[in-house]
1. Here are the criteria: (1) surrounded by fewer than 16 Cβ atoms within 10 Å (Cβ to Cβ); (2) closer than 30 Å to A:Lys214 by Cα; (3) within 13 Å of the chain's Cα centre (by Cα). Tell me which single one B:Gln167 does not satisfy.
2. Can you find a residue that is within 14 Å of chain B (Cβ to nearest Cβ), in contact (Cβ under 8 Å) with a residue 40 or more places away in the chain and not in a helix (DSSP H, G or I) anywhere in the range A:266-276?
3. Take A:Glu83 and decide whether it is free of Cβ contacts under 8 Å to residues at least 12 places away in the same chain, open to solvent by 60 Å² or more (accessible area, probe 1.4 Å), within 29 Å of A:Gly183 (Cα to Cα) and part of a loop (DSSP other than H, G, I, E, B).
4. Condition test on A:Phe264, is it among the aromatic types (Phe, Trp, Tyr) and either under 30 Å from A:Glu54 (Cβ atoms) or in contact with an Asp or Glu (Cβ under 6 Å, 6 or more places away or on another chain) (or both)?
5. Can you tell me which residue within the range A:186-230, out of those that are among the charged types (D, E, K, R) and more than 14 Å from every other protein chain (Cβ to nearest Cβ), is nearest to A:Arg286 (Cα to Cα)?
6. For A:Leu208, state whether it is aliphatic (A, V, I, L, M), without any contact (Cβ under 8 Å) to a residue 24 or more places away in the chain and in the same structural domain as A:Ala259 (by TED's automatic domain parsing).
7. Would you confirm whether or not the range A:235-248 contains a residue that is farther than 25 Å from B:Val53 by Cα, part of a helix (DSSP H, G or I) and over 11 Å from the mean Cα position of the chain (by Cα)?
Amino acid sequence: MLQAGKKTLATFKHGPVTFLSLLYNIALIRSVIKWIIRMLTGTCQLQRILQKCESGTCTVKIEECLRRSKFQQLRRIVEVEPENLDAAVEQIMTIKQIVADTNPRFFTMLRTCLEQIHGYNKLFVEIEALRTEKYDCENEEHEKLLLKLWSLLQPDEPLTCRVSKQWGNIGFQGDDPKTDFRGMGILGLLNLVYFAEHYPEHAAKSLLHSMHPKYGYSYAIASINITSMSYELMCSGLLRSHFFNTVQGRPTTEHYHEAFCYLFYEFDKFWMKSEPENVMEFSRIRGEFMKTIQDLLAYLPTARLLMET
Amino acid sequence: MGLLSILRKLRSDHHKELRILLLGLDNAGKTTILKSLASEKIDQITPTQGFNVKCVNTPGFKLNVWDIGGQRRIRPYWRNYFENTDLLIYVIDSTDQKRFEETGVELRELLEDEKLSGVPLLIFANKQDLFNAAKASDIANLLKLHTLNGRTWQIQACSALKGEGVQDGIEWVMKTAGAKAKKK
């Protein structure tokens, strides 16, 4: 019972709390309501979600529905990726007594949902591995990536030396960026490089903003900070709806970098629009921006964090 | 003195608020110290753009800890946070020998500021878990701490990453603040 209560709290954070949803989340009342609706409509909750909702929200809801199922087999299907997805969908249909002939789209739709759910979980593991990979000067790949970032952002100004005051021009704190990646590890650097490589004009524009005499900020440091924001959004699960809305199959690290580009570019716009007194307002404005994004992801079912091209 | 005012005095002693300033060069470990004080996770820290502030409750004191970014371009803003500071914590990366001089210059400038005159100083010689860390006593000599006149100070070796020594430093903070309150 306590376990169920904890889960309820967790799912609660993602939606508006109303008295009705509170009642609904009490397990017993929920099953009674579900049973009545099932009697009336002749469909189970999974079917109703798939019929009613759009792709992204649909997957989020299906995941929650399966996680809270009273059948242990169904809960297990979302917890651990089944070896054979087709067999898993068939198992769900058998347990829920859904006839394939009368519900032709059910199978493919549910399969897509399961693929998205496990794709997201796997992406999270990959992102976590990149985040915990510390920046290492002895690692040739890391060093190459860092120098690549320089040449992407400052194509006309060669770096005089690997350890140089010049790093400050693109917003690192000291003369060697290695200590600035910290808790975001190589993920922070990969995001910076991805943005500069795939959106050179946007990157140049925001870099120019960061050098503004009044509203300037430290470009690289802010970017690493936004990497941390994107990571927080992944941890809380809020980014799920974005990925489910934009990727039909399994999201990849590339999709993640794209979401980062959106966040960083939008943050830059938000910052400039806020006309901050000075850089000491960073935490406050970051907080406001984070809240905006969280609300967008939580309440807008069609949320997509994609760069405008 | 009426009973009520005695009670009030007792109560206010229990909830005494301390404004603590956490300063030092970038990458010294200020945010890690702040987070470990607040019992938060320390594996997701990013460089501080601007500042972080946290309220930490300890027996008898409510600590308002201000962690200000240490990057060179932010240092000019440090002054804006000096007002009403009860205690200054200065964090040094004990492995960053190349910047000992720089950190010494910054510290001296802080201590010369009028707004911080008489404010007790705790120095954390951080990152002691690393093999190339300088000893706290050597850092004290380098910074010529013994020449500080009219200021209560302490240097504490610590490793914020391992959570060692930080608590000892904070105990000193509370002892010093307690003694100061009694004097008043």
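1. (2)
2. Yes; the residues of the range A:266-276 include at least one that is within 14 Å of chain B (Cβ to nearest Cβ), in contact (Cβ under 8 Å) with a residue 40 or more places away in the chain and not in a helix (DSSP H, G or I).
3. Values: free of Cβ contacts under 8 Å to residues at least 12 places away in the same chain: yes; open to solvent by 60 Å² or more (accessible area, probe 1.4 Å): yes; within 29 Å of A:Gly183 (Cα to Cα): no; part of a loop (DSSP other than H, G, I, E, B): yes.
The answer is no for A:Glu83.
4. Working: among the aromatic types (Phe, Trp, Tyr): yes; either under 30 Å from A:Glu54 (Cβ atoms) or in contact with an Asp or Glu (Cβ under 6 Å, 6 or more places away or on another chain) (or both): yes.
Against the criterion (among the aromatic types (Phe, Trp, Tyr) and either under 30 Å from A:Glu54 (Cβ atoms) or in contact with an Asp or Glu (Cβ under 6 Å, 6 or more places away or on another chain) (or both)), A:Phe264 qualifies.
5. A:Lys205
6. Values: aliphatic (A, V, I, L, M): yes; without any contact (Cβ under 8 Å) to a residue 24 or more places away in the chain: yes; in the same structural domain as A:Ala259 (by TED's automatic domain parsing): yes.
Yes; evaluated as a whole, the condition is true for this residue.
7. We begin by selecting, within the range A:235-248, every residue farther than 25 Å from B:Val53 by Cα; these are A:237-248.
If we keep only those that are part of a helix (DSSP H, G or I) as well, we get A:239-246.
Pick out the ones that are also over 11 Å from the mean Cα position of the chain (by Cα) and you get A:245-246.
Yes, the range A:235-248 contains at least one residue that is farther than 25 Å from B:Val53 by Cα, part of a helix (DSSP H, G or I) and over 11 Å from the mean Cα position of the chain (by Cα).
Conditions (1) over 30 Å from A:Ile26 (Cβ atoms); (2) of a type outside the set (S, T, N, Q), marked per residue:
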| site | (1), (2) |
| --- | --- |
| A:Val60 | no, yes |
| A:Cys65 | no, yes |
| A:Ile77 | no, yes |
| A:Asp86 | yes, yes |
| A:Ile92 | no, yes |
| A:Thr102 | yes, no |
| A:Leu110 | no, yes |
| A:Gln116 | no, no |
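The values are calculated or read from the model by the stated rules, or taken from the named source; none is laboratory data. Since this is a predicted model, take the numbers as computed values, not measurements. All Cβ positions, even for glycine, are placed from backbone atoms using ideal geometry, and neighbour counts span all protein chains on display. Ligands, DNA and RNA are excluded from the accessible area calculation, which covers all protein heavy atoms including side chains. Shrake-Rupley method; radii C 1.70, N 1.55, O 1.52, S 1.80 Å.
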